[in-house]
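Have a look at the structure below before the remarks.
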Amino acid sequence: MTKRMIPVSEPFLAGNEEKYVLECLRSSWISSLGRFIQEFEGGFAKFSGSRHGVAVMNGTVAIQLALAALGVKEGDEVIVPDLTFVATANAVRYVGARPVFVDSEMGTWNIDPEKIAAAVTKKTKAIILVHLYGHPCDMGPILEVAEKHGLFVIEDAAEAHGAEYKGRKGGSLGDVGCFSFYGNKIITTGEGGMCITNDPALAERMHFLKDHAMRPEKRYWHPEIGFNFRMTNVQAAIGLAQLEQIEKFIAIKRRNALLYNSLLQKISGITVQTETPWAKGVYWMHSVLVDEKEFGLSRDGLMQKLKGKGIDSRPFFFPMHQLPPYQGNGSDRDFPVAARLSMQGINLPSSVKLSGDEIRYVCDAIAEVQAR
Ligand SMILES: *Cc1c(COP(=O)(O)O)cnc(C)c1O
């Protein structure tokens, strides 16, 4: 059917992106001052149900900035889901603290709330939650554990712009929400990120730290060591144009998920990511688990067959405890669910541009591979 390879993800840039970027070029406001920064910060924070936005240069430093602003430092421990993108764990290391991994739960594929308390020690300062592939974590019990032990809650919402937990937006439920605007995320600025918070003092501290910790009223006076994590006006220009379309993107992603799920649920050995009753997922990636025994082919085997049919896909992340820098933090036996999800999971084509015909083509291809 299709001649081009159906990609896993490609950005949709047909709104005001070009117009706003041209405005940056023509006005020469291309660095980190300019109208688009504040408009994007304010607009995205508002969209996400939060009061303050602090734009930064990528999602990884957004997490680092949140940790630094909350005072997490060497000698501290931070609870992190074992199954996530490596940036979540690395950001903890960048501030000198130690990530302590917790296994996932089978239903949402997110951190298992029931396994968090056992990982808390005297050194634990914070929990970083990840709303994996766009489905929010079960926040109620997690916030309870955090409150009981006096822990900060950072939401790594890099994959979950606009996702909802009981009607409240992902990123707005903890102390700080961290977002990524990398090219394949729900909205993009090329590279980019943002921290959101309802706490004005924390927002001010993040603005201060991201700009070399310079006192706004005293130029070149730096009372401590800060960072240059600033976003450019050009990135924010793209971001603002993307933000104007975010509701549309999410509606398309949810519609595509319905079609994918209705077609894939019929195939034995394939499990889709389903929405819990309290959640609104944004389906950053349309993801499935492949049970080799039931499906009749391994996950990697299926990916290879799909490639042959012009369909690109990605495996799930490796669990953190398997990566060389984090080996020694546990074994597959300690994280059985994360290990299993990582082995069985695939991200299927997930672009906003994807047509219904392409989704049907992908699902037919999976069914056909099994039939052989
Ligand atoms: C993309 C992503 C990040 C990092 O974002 P960058 O903008 O690439 O630095 C962090 N955490 C998760 C879960 C992500 O998916």
TODO: For the range 127-139, indicate whether the set of residues that are β-branched (Val, Ile, Thr), under 15 Å from LEU65 (Cβ atoms), within 11 Å of the ligand (Cβ to nearest atom) and outside the structural domain of LYS353 (by TED's automatic domain parsing) is non-empty.
DONE: yes
Task: Hits in the range 281-303 - residues which are surrounded by 22 or more Cβ atoms within 10 Å (Cβ to Cβ) and within 14 Å of ALA367 (Cα to Cα) - done: VAL288, VAL290, PHE295, LEU302
TODO: Output yes when any residue across the range 310-318 is at pLDDT 95 or above, on the phi > 0 side of the Ramachandran plot and in contact with a strand residue (DSSP E or B) (Cβ under 7 Å, 6 or more places away or on another chain), and no when none is.
DONE: yes
Open item on the list: Among the residues that make up the range 2-25, is at least one of them buried (at least 23 other Cβ atoms within 10 Å of the Cβ), in contact (Cβ under 8 Å) with a residue 12 or more places away in the chain, part of a loop (DSSP other than H, G, I, E, B) and not β-branched (Val, Ile, Thr)?
Closed with: no
Open item on the list: Filter the range 220-253 down to the residues that are of a type in the set (A, V, I, L, M, F, W, C) and loosely packed, with under 15 Cβ neighbours inside 10 Å and list them by number.
Closed with: TRP221, ILE225, ALA251
Open item on the list: Being within 13 Å of the ligand (Cβ to nearest atom) and either modelled with pLDDT of 95 or more or over 15 Å from the mean Cα position of the chain (by Cα) (or both): is that true of ILE187 here?
Closed with: yes
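Let's see how each residue does on (1) within 30 Å of ILE246 (Cα to Cα); (2) among the aromatic types (Phe, Trp, Tyr); (3) more than 16 Å from the ligand (Cβ to nearest atom); (4) open to solvent by less than 60 Å² (accessible area, probe 1.4 Å):
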{"site": "PRO113", "(1), (2), (3), (4)": "yes, no, yes, yes"}
{"site": "LYS122", "(1), (2), (3), (4)": "no, no, yes, no"}
{"site": "VAL145", "(1), (2), (3), (4)": "no, no, yes, yes"}
{"site": "LEU151", "(1), (2), (3), (4)": "no, no, yes, yes"}
{"site": "ASP156", "(1), (2), (3), (4)": "yes, no, no, yes"}
{"site": "GLY162", "(1), (2), (3), (4)": "yes, no, no, yes"}
Task: Extreme residue, farthest from the ligand (Cβ to nearest atom), among residues of the range 190-202 that are open to solvent by 10 Å² or more (accessible area, probe 1.4 Å) and touching a helix residue (DSSP H, G or I) at 6+ places or on another chain (Cβ under 8 Å) - done: LEU202
- [ ] Go through ILE116, ILE154 for me and flag whichever is at pLDDT 95 or above and closer than 20 Å to PHE179 by Cα.
- [x] ILE154
- [ ] Report yes if some residue within the range 37-50 is in contact with a Phe, Trp or Tyr (Cβ under 9 Å, 6 or more places away or on another chain) and in a helix (DSSP H, G or I); otherwise report no.
- [x] yes
- [ ] Could you please find all residues in the range 164-182 being near the ligand (Cβ under 9 Å from one of its atoms) and surrounded by fewer than 24 Cβ atoms within 10 Å (Cβ to Cβ)?
- [x] TYR182
Task: Condition met for VAL92 (closer than 30 Å to GLN273 by Cα and open to solvent by less than 30 Å² (accessible area, probe 1.4 Å)) - done: yes
TODO: Identify the residue in the range 51-89 that is among the small types (Gly, Ala, Ser) and assigned to a loop (DSSP other than H, G, I, E, B) and, among all such residues, is surrounded by the most Cβ atoms within 10 Å (Cβ to Cβ).
DONE: GLY71
Task: Residue check, VAL100 part of a strand (DSSP E or B) and over 28 Å from VAL337 (Cβ atoms) - done: no
Task: Subset tally (residues that are in contact with a Gly (Cβ under 8 Å, 6 or more places away or on another chain) and open to solvent by 10 Å² or more (accessible area, probe 1.4 Å)) for the range 254-268 - done: 2
TODO: Kindly indicate whether any position in the range 327-340 is outside any loop (DSSP other than H, G, I, E, B), open to solvent by less than 40 Å² (accessible area, probe 1.4 Å) and not hydrophobic (A, V, I, L, M, F, W, C).
DONE: no
- [ ] Might you let me know whether the range 341-355 holds any residue that is assigned to a helix (DSSP H, G or I) and charged (D, E, K, R)?
- [x] no
Task: Pair list, Cβ under 8 Å, 6 or more apart: the range 216-228 residue part of a loop (DSSP other than H, G, I, E, B), other residue at pLDDT below 95 - done: TRP221/ARG215; HIS222/ARG215; PRO223/ARG215
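The values are calculated or read from the model by the stated rules, or taken from the named source; none is laboratory data. Quick caveat, the model's predicted, so the values are computed rather than measured. All Cβ positions, glycine included, derive from the backbone under ideal geometry; neighbour counts span all protein chains shown. To get the accessible areas, we keep the full protein, side chains included, count just its heavy atoms, and leave off ligands, DNA and RNA. Shrake-Rupley method; radii C 1.70, N 1.55, O 1.52, S 1.80 Å.
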